[in-house]
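Q: Here it is: the structure, laid out below.
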Amino acid sequence: AALRAKVVCVLFDDPVMGFPPQYLRESIPVVSRYADGQPIPKPRSSTEHKPGTLLGCVSGELGLRSFVEGRGHEFIVTSSKDGPDSSFDRHLPDAEVVISQPFWPAYMTFERIARAPKLKLCVTAGVGSDHIDLAAACAHNITVAEVTQSNSISVAEHAVMMTLALVRNYLPSCGWVVRGGWNIADCTSHAYDIEGMHVGSVGAGRIGLAVLKRMKPFDVHLHYTDRHRLPEETEQELGLTYHATVESMVPVCDVVTINCPLHVGTELMFNEELIYKMKRGAYLVNTARGKICERDAVAKAIEECQLAGYAGDVWFPEPPSWDHPWRCMPRHGMTPHVAGATLAAQHRYAQGVREILERYFDDRPIRPEYIVVEDGKLSGVGAHSYDLGDTTEGSATAGQFDAGTSRGM
């Protein structure tokens, strides 16, 4: 790192209703290791924030300002990330380090990378670095790192929640209560039991496997497809049926949950052709990345009842425009990109970013499990999970979102 590096950090806006005067819980559970034994982030420096507080927004600053500035570096935090006049674009030419979250991504396109001659490190505060043109990062010898596993269980829990909410028709039923009704027939006309259904996961990595483990107690039939097949003992323990391709899996499933990374091999995977190979009346849950699904094909399948429901927290681009069809189509369970941004997850990925920055500033190796791109090639978790290429095309339309339209709602 330079003696005085510019670190540009793009975070989501502060809460429009203000920070909570008091958090609902006094603490968050303590986790020392992840399910596979990987240790949680362990920065050497002490943190100033209390675990369980908002860190991913602008004022939260990932709890990094004192640390970064204490090392003699410049620290810029902004939520203005889209369009040529954004604060991010103004600071980018001098940036050595860029930090961004999947929930409010600063899209690092080929054009932006070309305008950042001093850029050496892109850090994803969370998991999933598809908002970065990985081919361009390789070509410019930029290191890309993410905080692997920091919010994987958070996302898996969200996927299970959305699956149950869709099948049981939970959100419309809650809506009847909010509107003062007691319309049991309306609520139950689209409500089913998940017991006995066939549930399939596209992807069986850390998130996909966690989803499958959490669905097993519901007495469902579990299926999965992944380019890395699980060990035989894991398949037997969970009662999994393996499918070599997604095309062979989706026709037998009542619920399909997408838990794979977005890269050039999965971009627009769920197009009209694949969706119409699914069972009529199947449910599709996507907490992976919005661009894995073709926007208009999903909306059409919902309108024509090919899909009984669609839920997810991922869109493309992010934030989506106010007239995005997934906002208003029937039988959806969409949320903003929040599955991996719980207060516990924010603490873990903030700690991970601190650890990565410590190692970078001290010229120490970054953990291999955090590395996506290094020395001009996919490496570490990147070599295992991604195909080299670019999935940022079309991201410029994120500038069409008007944050003012959501204020006060």
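The values are calculated or read from the model by the stated rules, or taken from the named source; none is laboratory data. Since this is a predicted model, take the numbers as computed values, not measurements. A quick note on method: Cβ atoms are made from the backbone with ideal geometry, for glycine too, and the neighbour counts reach across all protein chains shown. Just the protein is used for accessible areas: all its heavy atoms, side chains included, with ligands, DNA and RNA removed. Shrake-Rupley method; radii C 1.70, N 1.55, O 1.52, S 1.80 Å.
Q: Starting from the coordinates of the alpha-carbon atoms of the chain, obtain the Kirkwood hydrodynamic radius over all distinct pairs and give the value in Å to one decimal.
A: By the Kirkwood definition, the hydrodynamic radius is 22.0 Å.
Q: Same structure again: List the GluC sites (Glu not before Pro) within the range 24-133 that DSSP assigns to loop and that have no more than 14 neighbouring Cβ atoms inside 10 Å.
A: Here the sparse-neighbourhood loop sites are E26, E48.
Q: Looking at C122, T287, H190, which one has the Cα that reaches farthest to the positive end of the dipole of the chain (charges on Cβ: Lys, Arg +1; Asp, Glu -1)?
A: Value: C122.
Q: What's the magnitude of the charge dipole for the range 1-150 around its Cα centre, counting Lys and Arg as +1 and Asp and Glu as -1 at the beta-carbon? Answer in Debye, nearest 20.
A: 500
Q: Would you mind getting the accessible area per residue of the range 1-159, heavy atoms of the protein chains only, 1.4 Å probe, in Å²? Walk me through the numbers before you get to the answer.
A: Details: 6910 Å² over 159 residues.
Per residue, the range 1-159 has 43 Å² of solvent-accessible surface.
Q: Over the range 223-314, average the accessible area per residue using a 1.4 Å probe and give it in Å², no decimals.
A: In whole numbers, the range 223-314 has 39 Å² accessible per residue.
Q: Can I ask one more? Tilt of helix 152-167 relative to the longest C-alpha principal axis of the chain, in degrees (0 to 90, nearest 10)?
A: 30
Q: Treating only the Cβ atoms of Lys and Arg (+1) and Asp and Glu (-1) as charged, compute the dipole magnitude of the chain about its Cα centre; round to the nearest 20 debye.
A: Dipole about the Cα centre, nearest 20: 800 debye.
Q: Evaluate the charge dipole of the range 91-247 about its Cα centre and quote only its size in Debye, nearest 20, assuming +1 on the Cβ of each Lys and Arg and -1 on the Cβ of each Asp and Glu. List each step's numbers first, then the result.
A: Numbers: 12 positive and 17 negative charges, 90 e Å.
In debye, rounded to 20, the range 91-247 gives about 440.
Q: Would you mind telling me the share, in percent, of accessible area of the range 1-96 contributed by carbon and sulfur at probe 1.4 angstrom?
A: Result for the range 1-96: 53 percent of the exposed heavy-atom area is carbon or sulfur.
Q: Let me ask something else. Within 10 Å of each candidate Cβ there may be at most 10 other Cβ atoms; applying that plus a DSSP loop requirement, which trypsin sites (Lys or Arg not before Pro) in the range 1-51 survive?
A: Sites meeting the loop and neighbour criteria: R4, R25, R44.
Q: Kindly provide the helix-only [θ] at 222 nm of the chain, computed as the sum of -39,500 (n - 2.57) over DSSP H runs of four or more divided by all residues, to the nearest 500 deg cm²/dmol? Numbers along the way, then the final one.
A: Values: 14 runs with 110 residues, N = 409.
After summing the helix terms and dividing by the residues of the chain, the value is -7000 deg cm²/dmol.
Q: A follow-up question, please. What residue among C138, N169, Y224 has its Cα farthest toward the positive end of the dipole of the range 119-229, where the charges are +1 on Lys, Arg and -1 on Asp, Glu, each on the Cβ?
A: Farthest towards the positive end: C138.
Q: Report ³J(HN,Hα) in whole Hz for each residue of the range 15-21, in order, from the Karplus equation J = 6.51 cos²θ - 1.76 cosθ + 1.60 where θ = phi - 60°; Gly and Pro get x.
A: Ordered by residue, 3J(HN,Hα) equals x, 5, 8, x, 5, x, x Hz.
Q: Pop out the ³J(HN,Hα) list for the range 351-364 in order, Karplus 6.51 cos²θ - 1.76 cosθ + 1.60 with θ = phi - 60°, rounded to Hz; leave Gly and Pro as x.
A: Those phi angles translate into 5, x, 4, 4, 4, 4, 5, 4, 5, 5, 4, 8, 6, 9 Hz.
Q: Let me ask you something else. Order of 290-302, 364-376 by packing, highest average Cβ count within 10 Å first?
A: In decreasing order of mean packing, 290-302, 364-376 become 290-302, 364-376.
Q: May I ask you to evaluate 6.51 cos²θ - 1.76 cosθ + 1.60, the Karplus curve with θ = phi - 60°, for each residue of the range 337-348 and list the ³J(HN,Hα) values in order in whole Hz, giving x for glycine and proline?
A: 6, 10, 4, x, 10, 4, 4, 5, 5, 4, 4, 5
Q: So, with a 1.4 angstrom probe, what is the percent of accessible area on the range 147-288 that is carbon and sulfur? All intermediate terms of the calculation are to be shown ahead of the outcome.
A: Working: 3670 of 6640 Å².
Whole-percent figure for carbon plus sulfur exposure: 55.
Q: Which of the aspartates and glutamates could be linked to K81 by a straight reach, that is with a Cα gap under 13 Å, when you skip same-chain ones fewer than 8 residues away?
A: In chain and number order, the partners are D13, D89, E318, D402.
Q: When 1/r is averaged over all different Cα pairs and the result inverted, which Kirkwood radius in Å belongs to the range 192-306? Mind dumping the intermediate values first?
A: On the way: mean 1/r = 0.0705 Å⁻¹.
Taking every pair of different Cα atoms in the range 192-306, averaging 1/r and inverting gives 14.2 Å.
Q: Ignoring solvent entirely, what values of log10 I(q)/I(0) come out of the Debye formula for the range 1-141 at 0.16 Å⁻¹ when each Cα is a single scatterer?
A: -0.96
Q: Can I ask one more? Report the Cα centroid-to-centroid distance between the range 342-362 and the range 1-63 in angstrom, as an integer.
A: A separation of 7 Å, based on Cα centres.
Q: Could you state the per residue volume, in Å³, of the convex hull enclosing the Cα atoms of the range 89-196? It would help to have the intermediate numbers written out before the result.
A: Numbers: hull volume 17.0 nm³, N = 108.
Residue-normalised Cα hull volume stands at 158 Å³.
Q: Sticking with this structure for a sec: For the range 247-352, what does the alpha-carbon gyration tensor say about shape, rounded, prolate or oblate, given a ≥ b ≥ c as the root eigenvalues, a/c under 1.5 as rounded, and a/b over b/c as prolate?
A: Judged from the Cα gyration tensor, the range 247-352 comes out prolate (a/c at least 1.5, a/b above b/c).
Q: Another one. Counting Lys and Arg as +1 and Asp and Glu as -1, what is the net charge of the other residues whose Cβ lies under 9 Å from the Cβ of T148?
A: Net charge in that neighbourhood comes out at 0.
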